[in-house]
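Below is one structure, written out as structure tokens; comments come after it.
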Amino acid sequence: MMPVVKANAYGHGVRQIVEGLPDADGFAVAQLDEGIALRKQGVSKPITVFHGFSNAQQLVLFVEYQLSPVISQQWQIDLLMQAGFRGPLSIWLKVNTGMGRLGFPVDQVAAIWNKLTGCSQIESVGLMMHFANADQPQHPLNQQQVAEFSALARQLNAPTSVSNSAAIMTQLYHGENWVRPGIMLYGASPLQEQTADSLGLKAVMTFSAELIAINQLAQGHSVGYGSTWSCSEDMPTGIVNVGYGDGYPRHATTGTPVIVNGQRTQLLGRVSMDSIIVDLRNVQATCGDRVELWGKQLPVDEVAITAQTISYELLCNVGRGFGA
Ligand SMILES: *Cc1c(COP(=O)(O)O)cnc(C)c1O
């Protein structure tokens, strides 16, 4: 199992997450500098870097820090064959079975694999693919991707890595050597039709702020930029010291759930850079109360839906730069 800890462990703080996963068999990140940071943190297990290297200097660093690049371009192969580097280096060949992002065309992979496995400084050459629709288990492309990849895997007898969280949960693929769980580790649902709770996943991040003001507003009074929402009656509203500058989604709309002092209520009007306005009707609240934006009491997936995004983006945005 190689937990995916790219983007600062999905915004959670990569150092803490890696320390919290002592039984992982390895880790995966997106960029070279993330891999180097893990080595400097003292991680000695295999580290896969999804974006591989883009020039000879980077390749030298992959060897120096013993990072495993994922490769998907012919010029990367050429660089590997030319470079007089001293191994050993383990690499992954990415196979494009339908994602249409990184990966060699299926019909080119066997020849490349044979060439690279014959290269003395290369220790192992694995095959990797990524599903485009694992979050929708019935999507027809899934089985096509499985069929194309498993034919290659049988033919080449190479180490394999296929499944992200959604594919792990739905068991889309059988018999791979390394799975790559990301979002499920952090307790959000990888599947469109199922909640985290129904999958037995628990939120790792709690994103909370403070209630800093309470206002009594008269019926018809509008709130926030653009005056997009007006009070339907005389009512109390609360100001919370969090906004899009802190990673709360600006596209969250009126009605987005928030938890004030343990009680569920809603966002009103537009999100500001450093504050939001919440509905305090039927809520017991005083200034200084904790307001949970998502976490143990409120699944991040619910907020993602009203903000027209996915949990991944919300989690990452909170943790930008955090713990760096
Ligand atoms: C991010 C990523 C993963 C993890 O995906 P989740 O949906 O978060 O489980 C796995 N593999 C690759 C190639 C990725 O880029």
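The values are calculated or read from the model by the stated rules, or taken from the named source; none is laboratory data. What you see is a predicted model; the values in this text were computed from it and never measured. Positions of Cβ are generated from backbone atoms using ideal geometry, with glycine treated the same way; all protein chains shown enter the neighbour counts. Ligands, DNA and RNA are stripped out before the accessible areas are found, and what is left, the full protein with its side chains, is counted by its heavy atoms. Shrake-Rupley method; radii C 1.70, N 1.55, O 1.52, S 1.80 Å.
The table that follows gives values for the structure above.
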| read-out | value |
| --- | --- |
| For the chain, accessible area per residue (1.4 Å probe, heavy atoms of protein chains only), Å² | 47 |
| R0 of 35 Å, Cβ-Cβ distance residue 222-residue 320: FRET efficiency to nearest 0.05 | 0.65 |
| 29 Å Cα cut-off, lysine pairs counted over the chain (separation 8 or more, or different chains) | 11 |
| Shape call, the range 253-299: gyration tensor on alpha carbons, a/c limit 1.5 | rounded |
| Mean separation of Cα contacts under 8 Å, 6 or more apart, over the residue count of the chain: relative contact order % | 15 |
| Antiparallel content of DSSP bridges confined to the chain, in %, to 5 | 55 |
| More than 32 angstrom apart: percent of Cα pairs within the chain | 40 |
| Carbon and sulfur %, accessible surface of the chain computed with the full protein complex present, 1.4 Å | 49 |
| Most mobile listed residue (83, 188, 203) in the chain, GNM with C-alpha springs under 10 Å | 83 |
| Global geometry of the range 33-192, whether rounded, prolate or oblate, following the gyration tensor of its Cα atoms and the 1.5 cut on a/c | oblate |
| Length gained when the stretch residue 192-residue 15 is fully extended (0.36 nm per residue, less Cα-Cα span) | 60.8 nm |
| GNM top mover of 72, 311, 198 - the chain, alpha-carbon springs below 10 Å | 198 |
| Local electrostatic count, residue 202, Cβ distance below 14 Å [Lys/Arg +1, Asp/Glu -1] | -1 |
